[in-house]
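Engineer: Would you mind keeping the following structure in view while I ask a few things?
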Amino acid sequence: MIVKEEFLSKIRTYFGLNLYEAKIWTALLSRGIATAGELSDIANVPRSRSYDVLESLEKKGFVTMKFGKPIKYIAVQPSEVVERVKKHMLTETKKRIERLDKIRQTEILDELEQLHSEGIELVEPSELSGSVKGRHNLYNHLEVMIKGAEKTVTIVTTTQGLIRKIDAFKPIFEDLKKRGVKIRVAAPLTKETERTIKDLEGLAEIKDTDLRARFVVIDGKEIAFMIMDDEEVHPTYDVGIWVNSPFFASAVEELFEHAWKAMKPYKKEKAKKTVKKRK
């Protein structure tokens, strides 16, 4: 049986299987019932590994074992497997969350924080930089940066980037507002961003700009800038550069200050007009 690599890749992603597990399971689905040896030949998996793989699949609820000589395996209906995997994931996630919550009540977290603070003191400022790949990872990193803001948060982004950031960070902006942190956002504003801007009322200053840029500066000390146009790159391949350098970050923020003065505050009427131009 020949199964396309793309199909196997999707199975591995959705069901959390390794390559051998995906091959053996699809082979068994095509037969309904088979021995480990038969599945080894069909799936092109080493016979010495097929027994371990089938045992793993049985524990995960993908197959059931039929006693007899020789031992045979029966495929569980895929729709039932989906429900079992879902239930297992929810149970495991709940357990992990509970374990992480318990860490806060122990000395482990304090010791980890101490190790981090002592280690950071030994790091040269020039070493505090790196690249982040994937929009999901980028937003995780931005969240940490923004949460740590003490004075200012400066955001320059695209129309869609503005919508994404407010959806992701609004609760954090509300907390920053309570702490007196000044938040400024510049993005191309259109009718599409009206609801987003409404969510920002009272939390941040927002202005319209034609700048094609994506970056975030925190306290004039650290900066994360995205090097690709979000309209032209798949989220998986989006890339950002993070630099913890007051010299560089403050220089970028100073340039932003000049541009900010020339930007126009948001006006509903203007957004309705500009949406046609930008299409």
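The values are calculated or read from the model by the stated rules, or taken from the named source; none is laboratory data. This one's a predicted model, so the numbers in the text were calculated from it and none came from an experiment. We place every Cβ from the backbone using ideal geometry, glycine too, and count neighbours over all the protein chains shown.
Engineer: Does residue 180 satisfy being exposed (fewer than 13 other Cβ atoms within 10 Å of the Cβ) and either out of contact with any helix residue (DSSP H, G or I) (no Cβ under 7 Å at 6 or more places or on another chain) or in the same structural domain as residue 134 (by TED's automatic domain parsing) (or both)? Give the steps one after another, and end with the answer.
Structural biologist: Values: exposed (fewer than 13 other Cβ atoms within 10 Å of the Cβ): yes; either out of contact with any helix residue (DSSP H, G or I) (no Cβ under 7 Å at 6 or more places or on another chain) or in the same structural domain as residue 134 (by TED's automatic domain parsing) (or both): yes.
Yes; evaluated as a whole, the condition is true for this residue.
Engineer: Yes or no: residue 21 within 15 Å of residue 75 (Cα to Cα), touching a helix residue (DSSP H, G or I) at 6+ places or on another chain (Cβ under 9 Å), modelled with pLDDT of 90 or more and among the acidic types (Asp, Glu)? Give the derivation first.
Structural biologist: Details: within 15 Å of residue 75 (Cα to Cα): yes; touching a helix residue (DSSP H, G or I) at 6+ places or on another chain (Cβ under 9 Å): yes; modelled with pLDDT of 90 or more: yes; among the acidic types (Asp, Glu): yes.
Here the answer is yes, as residue 21 does meet what is asked.
Engineer: A further question on this structure: For the range 98-106, does any single residue satisfy the condition of being among the hydroxyl-bearing types (Ser, Thr, Tyr) and at pLDDT 90 or above? Talk me through it step by step, then tell me what you get.
Structural biologist: Within the range 98-106, the first condition is being among the hydroxyl-bearing types (Ser, Thr, Tyr), and the residues that meet it are 106.
Those still in the list that are at pLDDT 90 or above too: none.
Checking the range 98-106: not a single residue is among the hydroxyl-bearing types (Ser, Thr, Tyr) and at pLDDT 90 or above.
Engineer: Can you run down the residue pairs with Cβ atoms below 7 Å, 6 or more apart or on separate chains, where the first is in the range 4-29 and of a type in the set (Gly, Ala, Ser) and the partner is part of a loop (DSSP other than H, G, I, E, B)?
Structural biologist: 27/1
Engineer: Here is a follow-up. Within the range 95-102, identify whether any single residue is farther than 14 Å from residue 23 by Cα, surrounded by 12 or more Cβ atoms within 10 Å (Cβ to Cβ) and not basic (Lys, Arg), and answer yes or no.
Structural biologist: First, pick out the residues of the range 95-102 that are farther than 14 Å from residue 23 by Cα: 95-102.
Remaining after also requiring surrounded by 12 or more Cβ atoms within 10 Å (Cβ to Cβ): none.
No, the conditions are met nowhere in the range 95-102.
Engineer: Condition first: among the hydrophobic types (A, V, I, L, M, F, W, C) and farther than 13 Å from residue 242 by Cβ. Now tell me which residues in the range 126-175 satisfy that.
Structural biologist: Looking only at the range 126-175, we keep the residues that are among the hydrophobic types (A, V, I, L, M, F, W, C), and these are 128, 132, 138, 142, 144-146, 149, 153, 155-156, 162-163, 166, 168-169, 172-173.
Across the range 126-175, the qualifying residues are 149, 153, 155, 156, 162, 163, 166, 168, 169, 172, 173.
Every residue, every condition in (1) aliphatic (A, V, I, L, M); (2) over 19 Å from residue 135 (Cβ atoms); (3) at pLDDT below 95, yes or no:
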position	(1), (2), (3)
212	no, no, yes
228	yes, no, yes
231	no, no, yes
235	no, no, yes
249	yes, yes, yes
258	no, yes, yes
267	no, yes, yes
272	no, yes, yes
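Engineer: Just one of (1) surrounded by fewer than 10 Cβ atoms within 10 Å (Cβ to Cβ); (2) part of a helix (DSSP H, G or I) trips up residue 109, so point out which.
Structural biologist: (1)
Engineer: Let me ask something else about it. Only one of (1) in contact (Cβ under 8 Å) with a residue 40 or more places away in the chain; (2) in contact with a Gly (Cβ under 9 Å, 6 or more places away or on another chain) is not met by residue 43, so which one is it?
Structural biologist: Residue 43 satisfies every listed condition except (2).
Okay, residues lined up against (1) within 27 Å of residue 3 (Cβ to Cβ); (2) among the hydroxyl-bearing types (Ser, Thr, Tyr); (3) part of a helix (DSSP H, G or I):
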residue	(1), (2), (3)
34	yes, no, no
42	yes, no, yes
68	no, no, no
74	yes, no, no
102	no, no, yes
113	no, no, yes
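Engineer: Just to confirm my filter: which strands (runs of 3 or more DSSP E) fall fully inside the range 124-232 and include at least 2 residues that are under 25 Å from residue 255 (Cβ atoms) and within 17 Å of the chain's Cα centre (by Cα)?
Structural biologist: Details: elements: 129-133, 152-156, 182-187, 205-208, 215-218, 222-226.
Of the strands (runs of 3 or more DSSP E) lying wholly inside the range 124-232, those with at least 2 residues that are under 25 Å from residue 255 (Cβ atoms) and within 17 Å of the chain's Cα centre (by Cα) span 129-133, 222-226.
Engineer: Something else about it: Among (1) surrounded by fewer than 19 Cβ atoms within 10 Å (Cβ to Cβ); (2) under 21 Å from residue 92 (Cα atoms); (3) free of Cβ contacts under 8 Å to residues at least 60 places away in the same chain, which single condition is residue 62 missing?
Structural biologist: Every condition holds for residue 62 apart from (1).
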